[in-house]
Amino acid sequence: MDSAPANPSHGLKEPQRLPFESAKIRRLVLGSYWTIIILALPFWWRLTSIERIALPSVRVRAQLERKIVFPVHVQLDAPSFENSAPRLATELNEGLAQTLHASPTWRNLDIRVGIGESAEDRSSPAPNAYTVFLRDRTAVQHPRQLAVSPEDASVHQLARILSGLLAPEISPIQEQRVIQYSDRYRLAFTLLNENAASDRLVHSWDIQPAISADHMFPILSQLNALHNITVESQVQYHAPLAFEPMHFTDGNTSFHGITPEDLTVFINSAEWSLCNYPVSWAFGIRVLTCDSASSVSNDPVLHFVLFVPSSSRQFCILDAHGSRTNQSAFLLPQWGGIFILNRHADGAMVTHLTAADLVPVFAAFSSQLAALLGVPSLPGGVRSEVASPLSDWQLDALLRHRTLENILNSQQTLQSIVKLVDQIEAMPVDQKVRGDVHNALSALEEAYQSAVESPAVPLRWSSEALSLASHAFFNPGMLAMLYFPAEHKYAVYTPLFASISVPLIVALGREIYAWRMERRAARNG
């Protein structure tokens, strides 16, 4: 039997004899792929490398040990205190030093009590100098003067009053109420009608004259040293509550009681639009201008709501025991204040609130604004005989407290940046971040050095330091690494590059093996 032919004629060429299937062509194609990959490696390294400039970590850590010191000079009026002034000054220095050392907030307040000139001759004292003199009653006066009665002229009483004026303690409840410092605020005044179908619907109010009156505008003018405040207003005609107040009957009077639990959910954020304000005013010192455009910004907002219930019912605020109170206003910590304007059903139909009608409303709003911004109150038994709502003592104490708050927050923010960069090796640090950190450190140094000047100067530097530190912390390049670390990129790119690289690596291994076998066969043949 004849053997089968070695090369059957089926009309097709063998794959090994095709030109593009030869070992040489195949290895050239494979080599071109690897050549492109090798040449692209420097470009890939350059394009994917992370800019990581060194931060001044040593200076940042050293900032944690730095403390600002406010020098305060209290001068006792020698003619009024007579021979007791030297002894009183010595004992006050000792008593105030012990009080400040025990205070966690005011340890860096350096109060020195001395003997000065007559209070009448000191009409323009230095920013950090205060005068104390004897009079028939205890009261603060302008500028930076304290009159004390003979009953309050003892060391114990005078030390208590001075510590309460220069270093007022803030309780935890008050601290939770105060909004975080910002150099810009928006005050949003809103008139809310509970029921749009009410026959006593309030259509309008004299908001601008009410703000310009004696209660609100003077305190805004004084707070201009700390904040740039913009005032906005709006009227809403239908603002239903999210809960139903309990109904009570007291003799011939019926009312709806609002419990302390109801006060926490009084604001119906789901149905009340408290963010669109068609009218805004920008407040400066002695200036009030109107702008018809709506104000849109990222500034913190403090809301002040005048709530008008339906004419068919009255609201009364209840205390913790369920008893009826005479209060018409309440405050929501770090948010704003609410005033409930009840109107009797048998009263006159009023659809417009004049400036005179709004006097008690804005008197309450001004008190709520002072509480939200952290304005300290006067110590017990101390009256105010200044024409403005806030005395120089209160403003200076507020300026110092806000400066301390800004410096502490700036130090903590800078320390957080350094810790994040040290913990996350792939965290990018560009020139902008480094520049913001350096500028924040420089602003802190300026705040320390300017503490001997007016309290408003270190506040401005501390505010700038906090703004720069926050800007560096929330840099888009750094912030992205907190949400998209390197592990996420590996999880995304591995399925893509694995499917490409595995065939190339396997083909390269096979060709190397075939090349070695050919060389071995050539040597043996």
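Couple of notes before you dig in:
- Pairs with Cβ under 7 Å, 6+ apart, first in region 395-419 and touching a residue at least 60 places away in the same chain (Cβ under 8 Å) and assigned to a helix (DSSP H, G or I), second surrounded by 20 or more Cβ atoms within 10 Å (Cβ to Cβ) and among the aromatic types (Phe, Trp, Tyr): Arg400/Phe70; Arg402/Tyr181; Glu405/Tyr181; Asn406/Tyr181
- Test: residue in region 454-463 that is at pLDDT below 90, of a type in the set (Phe, Trp, Tyr) and in a helix (DSSP H, G or I): no
- Within region 100-118, considering residues that are surrounded by 20 or more Cβ atoms within 10 Å (Cβ to Cβ) and within 23 Å of Gly380 (Cβ to Cβ), the one modelled with the lowest pLDDT: Trp106
- Region 8-55 - residue that is assigned to a loop (DSSP other than H, G, I, E, B), surrounded by 10 or more Cβ atoms within 10 Å (Cβ to Cβ) and among the hydrophobic types (A, V, I, L, M, F, W, C) and, of those, modelled with the lowest pLDDT: Leu18
- Members of region 210-239 found to be under 30 Å from Ser312 (Cβ atoms) and not in a strand (DSSP E or B), listed by number: Ala210, Tyr237, His238, Ala239
- Candidates Gln157, Gln174 - the one that is surrounded by 15 or more Cβ atoms within 10 Å (Cβ to Cβ), in a helix (DSSP H, G or I) and out of contact with any strand residue (DSSP E or B) (no Cβ under 9 Å at 6 or more places or on another chain): Gln174
- All positions within region 308-337 that are farther than 18 Å from Pro240 by Cα, more than 31 Å from the chain's Cα centre (by Cα) and surrounded by 15 or more Cβ atoms within 10 Å (Cβ to Cβ): Leu318
- Output for region 51-75, where each listed residue is of a type in the set (A, V, I, L, M) and under 17 Å from Ile417 (Cα atoms): Ile53, Ala54, Leu55, Val58, Val60, Ala62, Leu64
- Options Ile179, Ile229; residue that is modelled with pLDDT of 90 or more and surrounded by 21 or more Cβ atoms within 10 Å (Cβ to Cβ): Ile229
- Of all residues in region 346-390, those satisfying the criterion of being over 30 Å from the mean Cα position of the chain (by Cα), open to solvent by less than 70 Å² (accessible area, probe 1.4 Å) and aliphatic (A, V, I, L, M) are Val350, Leu353, Ala355, Leu358, Val359, Val382, Val386.
The values are calculated or read from the model by the stated rules, or taken from the named source; none is laboratory data. The structure presented is a predicted model; accordingly, all values stated were derived computationally and were not measured. Counting neighbours? That spans all protein chains shown, and the Cβs are built from the backbone with ideal geometry, glycine included. Areas reflect the complete protein model, heavy atoms only, side chains present, ligands, DNA and RNA absent. Shrake-Rupley method; radii C 1.70, N 1.55, O 1.52, S 1.80 Å.
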